[in-house]
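For reference, the structure discussed in these notes is given below.
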Amino acid sequence: MSTPFTGPIPTPTVPAPDIVRCAYLELVVTDLAKSRAFYVDLLGLHVTEEDENAIYLRSFEEFIHHNLVLRKGPVAAAAAFAYRVKSPAEVDAAEAYYRELGCRVERRKEGFTKGVGDSVRVEDPLGFPYEFFYDVEHVERLTQRYDLYSAGELVRLDHFNQVTPDVPRGRKYLEDLGFRVSEDIKDSDGVTYAAWMHRKQTVHDTALTGGNGPRLHHIAFSTHEKHNIIQICDKMGALRISDRIERGPGRHGVSNAFYLYILDPDGHRVEIYTQDYYTGDPDNPTVTWDVHDNQRRDWWGNPVVPSWYTEASLVLDLDGNPQPIIEREDKSEMAVTVGADGFSYTRPSGGSDEAAEGFKLGAQV
């Protein structure tokens with residue numbers, strides 16, 4: 001039996017696995033040809049290997065076998081959020097850690113996907129399918145293959161974003177697992193709406209967004225510069241698929257990154273992301289945002305479309321079945337900001353700016 005998705009999560013007595021970074025996502029897609037056209041022809045991810053049932057893709061600077069697996073299946077969903085650990089011994093540590101937590105655990109010495117060896121997959125306490133691995137096939141790193149470099153090149157896998165009903169519960173679990181918090185969103189009543197968590201020295205390897213879950217909110221790939229993101233927008237416009245641009249381009253307040261959100265043929269959300277900041281010092285401060293600060297989600301104060309708060313992808317258990325969705329009991333970020341940021345402040349009250357305080361109206365629901 002998997003661990004229930006509610007209630008306190010104990011801290012295991014055994015050490016947590018030493019996680020290096022988010023490494024790949026396995027997505028189930030319903031039409032492999034359409035998904036290939038989106039991820040390869042449009043976004044330019046590089047094919048490491050493919051067959052009639054799956055495509056293994058990597059970003060430009062990657063040297064491990066893949067960062068994204070597209071696997072054909074009947075229900076569009078996320079099948080695995082995979083993290084690389086520091087050594088083979090840390091795969092043992094992951095297995096011991098989750099067994100003590102009481103989670104469902106499966107280990108395959110031959111791995112769960114092509115190109116990846118000894119791995120552990122678990123149904124974690126939040127209901128997500130997590131994987132931990134070290135052994136992996138190395139492939140050509142394309143860093144200096146400028147003959148292959150496109151104007152909108154995706155250079156790295158940056159992060160996942162997970163929707164979960166109880167963000168503080170998820171935050172405590174991930175902190176026990178060794179993640180650190182770079183930024184969060186709260187209100188004056190102490191409700192936490194989101195948290196950004198990292199292992200590598202960037203703003204996040206994964207984020208927790210408060211909402212009905214467990215669900216995948218998005219996967220994010222980095223570009224070198226913001227003009228790469230603008231090129232993707234121009235390309236989508238030229239192909240007459242601008243309706244698949246959900247939000248952006250813009251600049252986040254949280255993380256400071258330049259962003260774009262687009263939807264693949266199954267509705268899986270992909271963020272294109274660049275220019276966040278270094279978080280590697282042990283005393284790196286956590287930045288807390290007021291949920292009513294209109295610039296937290298978009299530095300320019302542009303509204304967040306309602307679908308960004310409400311839509312997300314299912315996640316699967318280890319048998320390939322969709323996990324049940326638990327409703328969020330705390331206030332929703334969309335609700336407290338009225339119709340996806342309809343009434344959020346532009347300037348905080350107090351001091352000389354009080355007279356200049358104003359509101360930027362957004363999409364009303």
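Numbers below:
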quantity	calculated
Estimated dipole of the chain in Debye, rounded to 20 [Cβ of Lys and Arg +1, of Asp and Glu -1, Cα centre]	340
Positive-end extreme of charge dipole, the range 82-195 - chosen from Tyr193, Gln162, Val122 (charges on Cβ)	Val122
Cα shape, the range 195-253, gyration tensor, a/c 1.5 rule	oblate
Arg141 paired with Asp243, simple spin-label distance in nm, labels 7 Å along Cα-to-beta-carbon	4.2
Cleavage-rule hits, GluC sites (Glu not before Pro), the range 1-62, DSSP coil, Cβ neighbours within 10 Å at most 10	Glu52
Share of carbon and sulfur in the accessible heavy-atom surface of the range 152-257 [1.4 Å probe, %]	45
Accessible heavy-atom area order of Asp124, Asp319, Asp187, highest first, probe of 1.4 Å	Asp319, Asp187, Asp124
Hypothetical label at Val336: residues of the range 278-319 whose amide nitrogen lies under 15 Å (7 Å Cα-Cβ projection)	288-297
Charge sum, other residues only, whose C-beta stays under 10 Å from Thr48's C-beta, Lys/Arg counted +1 and Asp/Glu -1	-3
In sequence order, calculated HN-Hα J values of the range 122-137 (Karplus, 6.51, -1.76, 1.60; Hz; x Gly/Pro)	9, 9, 6, x, 8, x, 8, x, 9, 10, 10, 8, 10, 5, 8, 6
Prolate/oblate/rounded label for the range 1-86 (Cα gyration tensor, a/c 1.5)	oblate
Where chymotrypsin sites (Phe, Trp or Tyr not before Pro) in DSSP loops with at most 11 other Cβ within 10 Å are excluded, longest remaining stretch of the chain	1-145
Net charge of neighbours whose Cβ lies under 14 Å from the Cβ of Pro322, counting Lys and Arg as +1 and Asp and Glu as -1	-3
Charge context of Thr279, other residues only, Cβ under 15 angstrom, K/R +1, D/E -1	-4
Potential extension, Asp31-Asn212 segment - 0.36 nm per residue separation minus Cα distance	62.5 nm
Longest site-free stretch - the chain; sites: trypsin sites (Lys or Arg not before Pro), DSSP loop, at most 11 other Cβ within 10 Å	241-365
Nearby lysines by direct alpha-carbon distance to Lys200 (threshold 23 angstrom, same-chain neighbours under 8 apart not counted)	Lys86, Lys172, Lys226
Prolate/oblate/rounded label for the chain (Cα gyration tensor, a/c 1.5)	oblate
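The values are calculated or read from the model by the stated rules, or taken from the named source; none is laboratory data. Note that the structure is a prediction, hence the values are computed from the model and not measured. Backbone-built Cβ (ideal geometry, glycine too); neighbour counts: all protein chains shown. All accessible areas refer to the heavy atoms of the entire protein, side chains included, with ligands and DNA or RNA removed. Shrake-Rupley method; radii C 1.70, N 1.55, O 1.52, S 1.80 Å.
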